[in-house]
Amino acid sequence: QVQLVESGGGLVQPGGSLRLSCAASGFTLDDYTIGWFRQAPGEAREGVSCIRSSTGSTYYANSVEGRFTTSRDNVKNTVYLQMNSLKPEDTAVYYCAAKYLGYGCYNPDDYDYWGQGTQVTVSS
């Protein structure tokens, strides 16, 4: 059974850091792109980043580039999102998702499997 489980969310002050984890089971990362998305209350789901796990190539939305970093550990079958210099506008539920290898990164409709989400709140 394919499963994605996010963890690492929580409450952090502006300027702080969090690292989110996305643990995959039921498949190996090599054949998939893993995307990170976020959704604030009343807002559409927004693409944040993606990583082509077979190559390690990463891509970022303009709103987070330079602050967030996506990486993977193929041995642990886990993808990470390191979030630095956090801002209140980063507050959202963060999701990881998986799509089979192909074009695309930021469109949630391209993804086949989704994690349950983890809450990130940036507030003083």
In segment 45-64, residue most open to solvent (accessible area, probe 1.4 Å) [restricted to those that are modelled with pLDDT of 95 or more and small (Gly, Ala, Ser)] = Ser63
Taking the residues in segment 15-43 that are hydrophobic (A, V, I, L, M, F, W, C) and more than 13 Å from Leu4 (Cα to Cα) as candidates, determine which candidate is least open to solvent (accessible area, probe 1.4 Å).
-> Phe37
For segment 69-124, which strands (runs of 3 or more DSSP E) that fit wholly inside it have 3 or more residues that are touching a Phe, Trp or Tyr at 6+ places or on another chain (Cβ under 7 Å) and open to solvent by less than 20 Å² (accessible area, probe 1.4 Å)?
-> 92-100
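Taking the criterion of being over 12 Å from the mean Cα position of the chain (by Cα), closer than 26 Å to Pro14 by Cβ and in contact (Cβ under 8 Å) with a residue 24 or more places away in the chain, would at least one residue in segment 98-106 satisfy it?
no
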Determine, yes or no, whether Val93 is closer than 18 Å to Ser17 by Cβ and either of a type in the set (D, E, K, R) or at pLDDT 95 or above (or both).
-> no
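The values are calculated or read from the model by the stated rules, or taken from the named source; none is laboratory data. Given the structure is predicted, the values throughout are model-derived calculations rather than measurements. A quick note on method: Cβ atoms are made from the backbone with ideal geometry, for glycine too, and the neighbour counts reach across all protein chains shown. Calculation scope for accessible area: heavy atoms of the full protein, side chains included, ligands and nucleic acids excluded. Shrake-Rupley method; radii C 1.70, N 1.55, O 1.52, S 1.80 Å.
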